[in-house]
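Everything below concerns the one structure shown next.
The values are calculated or read from the model by the stated rules, or taken from the named source; none is laboratory data. In this text, all values refer to a predicted model and were calculated from it rather than measured experimentally. Note: ideal-geometry Cβ built from the backbone for every residue, glycine included; neighbour counts use all protein chains shown. Surface accessibility is based on the protein's heavy atoms, side chains included, excluding ligands, DNA and RNA. Shrake-Rupley method; radii C 1.70, N 1.55, O 1.52, S 1.80 Å.
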Amino acid sequence: MTCIHHALFATTTNVPTESSFYHRNVEPFLQNRDSERWHIFARHALAIAGFSPLTAQFLKLCIDEHTRFCDPRLRITLDQKRTFDNPLLVGAGWDKTGSAAYGLYTLGFAGEETGTVVPLPQPGNQKPRQEVKDGVCLNSLGFNSPGMLAVQQNVYRAQNLGIPLGINIGKNKETSLENAVNDYVAVLRCLYLYATYIAINVSSPNTVGLRDLQQTKFLADILQALNDTMRELGILLPLFVKISPDLTFQQLDEVIDTVLLQHAAGIIAANTTTNELLKAAYGWQGKSGGISGNDPTYKRMVLTIVDYIFSKTKGQLQVIGVGGISTADDAWNMITHGASLVQVVTGIRNIGPSIAGKINRGLMKQLDKEGIDNIINAVGIHASRN
Ligand SMILES: Cc1cc2nc3c(=O)[nH]c(=O)nc-3n(C[C@H](O)[C@H](O)[C@H](O)COP(=O)(O)O)c2cc1C
């Protein structure tokens, strides 16, 4: 079987260089410090700053031109009911609790994917479980989550403010693969009122066996059960399956077929990779966890998958692209290879609070350069089977 890794080529590392206040002062400070701790600190700071429109004004001091960048040409519509004012979301894992949505929105993101949310509170794996080197992150968090009821309190507020939220759902560690479907349904039932879309996480490498749920026998059941539940509740939310970048093309084809058969809206590509060669390149050989961020090989893996899904389904499935995005060029590549929305996680640490404005301003320049009137018309223009 051809593994997607073999379809890739590696290039040199590509950490963005900048001389902003963040790069001169904050980023050097973060190096060699406990990455998870400072991540939590940043999330709390954003949650506090996003407490009210007044406190959120302070956040604007951290971003370029002290204004949330917005332009109608960047507006993306998923379907008649779901519009994002730009194609950039914060990816799952950055705000597992759903408490920082307004702060992130103020920085210029269109919204966030909250989670992964599991039914019951759980602490996750043993610490230390998150480290960053040269713009690349290794994490083995393992769905540390306050549980769905606690998340419900937080996302309630974001929804009131009209901020689009993807809710990324998963299973508790102790739940067997056979019973996993019940966990996904439970989180949907608890949080559907607050979701713009649902992301089904079957690809985290940090919960034992979770990635097996990408197999048709499990995935079809989960999608079917979520569809049945939505029918019963009288709602219709777009379902997205979040996949691993370590699938073979054959496995990816099976996922695509299942997603199409079960009428899900699309695929989120991709989660972190457990590729041992990549880990070794950063001195992490043998360590558990998944890699993501600004590594050229990882970025190429994800881009290949985004392009493949878009091309194979001729745009029938929506693709949300996530993996190594930190610049407007990265986002543009992902969009022109087939992603309707893109997400950033590690890039926030690498570039700082001005990342969304920088990327969105850069996307506008690309639209002007290519003579394209709206970002929707850029989706897939460089995909291989166009
Ligand atoms: C610290 C950290 C925690 C993450 N937690 C989750 C998670 O809970 N659920 C999930 O679906 N993906 C999670 N991810 C994966 C990201 O959502 C994303 O797919 C991946 O990191 C690629 O994006 P990036 O290169 O911008 O980091 C996590 C990633 C990181 C770095």
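The single condition from (1) more than 15 Å from the ligand (Cβ to nearest atom); (2) out of contact with any Asp or Glu (no Cβ under 9 Å at 6 or more places or on another chain) that VAL185 fails is (2). In a residue-by-residue description of segment 317-324, the property of being over 18 Å from LYS133 (Cβ atoms), open to solvent by 10 Å² or more (accessible area, probe 1.4 Å), in contact with a Gly (Cβ under 7 Å, 6 or more places away or on another chain) and not β-branched (Val, Ile, Thr) applies to at least one position. Applying a threshold of 8 Å to beta carbon distances and a minimum spacing of six or more residues, or different chains, the list of pairs starting in segment 344-355 at a residue that is farther than 16 Å from GLU112 by Cα and ending at one that is at pLDDT 90 or above and basic (Lys, Arg) reads ILE351/LYS358. Considering (1) modelled with pLDDT of 95 or more; (2) over 21 Å from VAL259 (Cα atoms), the lone condition that LEU161 does not fulfil carries the number (1). Annotation note: of GLY357, GLY324, GLY362, GLY315, the sole residue that is of a type outside the set (A, V, I, L, M), in contact with a helix residue (DSSP H, G or I) (Cβ under 7 Å, 6 or more places away or on another chain) and on the phi > 0 side of the Ramachandran plot is GLY324.
Applying the set (1) over 16 Å from ARG43 (Cβ atoms); (2) more than 14 Å from the ligand (Cβ to nearest atom); (3) open to solvent by 50 Å² or more (accessible area, probe 1.4 Å) to LYS173 leaves exactly one unmet item: (2). Number of residues in segment 135-168 that are within 13 Å of the ligand (Cβ to nearest atom) and farther than 25 Å from ALA180 by Cα: the value is 4.
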